[in-house]
1. Above 20 Å lies some portion of the pair distances; for chain A, what is it as a whole percent of all C-alpha pairs?
2. Just to be sure I follow the definition: excluding the sites themselves, where is the longest run in chain A that has none of the GluC sites (Glu not before Pro) in a DSSP loop with at most 16 other Cβ atoms within 10 Å?
3. Can you tell me the orientation of helix A:34-51 relative to chain A, as the angle in degrees between its alpha-carbon axis and the longest Cα principal axis, to the nearest 10?
4. What dipole magnitude, in Debye to the nearest 20, does the range A:1-110 give about its Cα centre under +1 on Lys/Arg Cβ and -1 on Asp/Glu Cβ?
5. To the nearest whole number, what is the average tally of beta carbon atoms from other chains within 10 Å of the beta carbons of peptide A:54-62?
6. Using only Cα atoms, find the angle between the long axis of helix A:11-25 and the longest principal axis of chain A, and express it within 0 to 90 degrees, rounded to the nearest 10.
7. Sequence neighbours fewer than 8 away in the same chain don't count; with that in mind, list the aspartates and glutamates whose C-alpha is under 12 Å from A:Lys65.
8. What are the residues whose amide H is under 5 Å from the amide H of B:Arg62, where those residues sit 5 or more places off or on another chain and H is modelled from the backbone?
Amino acid sequence: MTGVPEVTETEIPALHDRLDREAEEGGYHLNPDEEFVRGLVRGLLVNTKRYGYMSCPCRLAAGRKEEDLDIICPCDYRDPDLEEYGACYCALYVSDDVLAGKKKTGSIPERRPPPGARVSAVTPAAGAAAPFALTYPVWRCRVCGYLCARDEPPGVCPVCKAKKDRFERFL
Amino acid sequence: MTAAPPGARVSRLILCLLVLGAGLALLAGCTGTAPSPEQGSGPAVTTPAVPSWVVHVPGNDRGSVLLVGRTTCPWCLKTKELLGNLTVDYYWVDLDTLDNAETAEVMKAIRVCGEVSGVPILVIDGEQCIVGFQEARIREALG
Ligand code: SF4
């Protein structure tokens with residue numbers, strides 16, 4: 001057996017506040033159930049200490065970043081799940097309707113494909129052929145779909161705060 | 001859910017022991033309780049040792065129930081609470097507390113679920129698999 005990394009009482013509200021601020025800035029919302037979110041934030045902190053990255057608290061992690069890139073929070077599946085079910089798999093994030101009490105959500109089906117069917121998170125998707133000459137390559141954030149045309153993807157997605165390694169070459 | 005007749009439980013246990021290693025047999029959904037002398041007339045069977053990293057929560061027998069979770073997942077806690085409210089006898093293991101060999105054993109035991117990624121994973125009688133805190137399905141299967 002292996003131990004579970006310690007999380008201090010001050011770390012949880014610090015990460016919670018950052019996630020809440022970043023979510024609201026990007027048009028997302030944390031689940032209003034504070035006790036439940038506290039458990040998830042603690043899980044994110046444990047995973048960060050254990051793996052060095054914020055792996056999803058409710059999914060099995062390989063412990064190797066290349067294999068877990070798609071489930072680093074916020075995961076590649078958050079936005080489609082918010083759209084379809086009003087919450088991400090863990091229910092850390094909820095939609096406007098759920099926040100406003102117009103829609104209920106609970107445990108939802110897992111959208112992550114089995115390993116063989118996952119789009120490689122290591123190699124960026126081969127860019128589609130552009131119908132015209134591009135001055136810059138176009139990069140797409142795999143988490144929220146933000147597109148930008150520049151030599152390199154940004155260090156952090158300005159919309160969802162996903163890191164540079166979550167971008168793929170789009171065009 | 002009706003309990004399997006004693007004879008069937010013994011056969012299932014024997015089959016599991018033949019097919020799988022002793023510790024793994026339990027996790028793969030074989031009963032962990034040795035049949036008492038009055039249960040059936042089959043041959044005496046040694047109960048497989050429960051690995052120390054598997055927690056047994058005593059309760060009412062609704063078949064063999066294995067809950068695989070992570071310490072980081074609040075849905076797993078909700079599932080444990082529900083199983084507690086339903087007074088189900090079950091075994092649970094938090095995958096993120098296991099070493100590689102232990103993890104590999106559990107992964108074999110949950111093969112029946114296919115290539116799952118999300119937790120909680122509930123394996124009932126080694127054949128039925130419920131992924132996620134699906135309260136209605138869990139109640140239907142174990143309530
Ligand atoms: S956004 Fe994805 S990784 Fe983050 S908590 Fe929700 S399901 Fe898990």
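1. Across chain A, Cα pairs with separations above 20 Å total 55 percent.
2. Longest run free of exposed loop sites: A:10-171.
3. Approximately 60 degrees, to the nearest 10.
4. 340
5. Whole-number average of other-chain Cβ neighbours for A:54-62 is 6.
6. 40
7. A:Lys65 reaches A:Asp165.
8. B:Asp89
All of the numbers you see were taken from the coordinates with simple rules; none came from a lab. Remember, it's a predicted structure, so these values are computed and weren't measured experimentally. Heads up, the Cβs are rebuilt from the backbone with ideal geometry, glycines too, and the neighbour counts pull from every protein chain shown.
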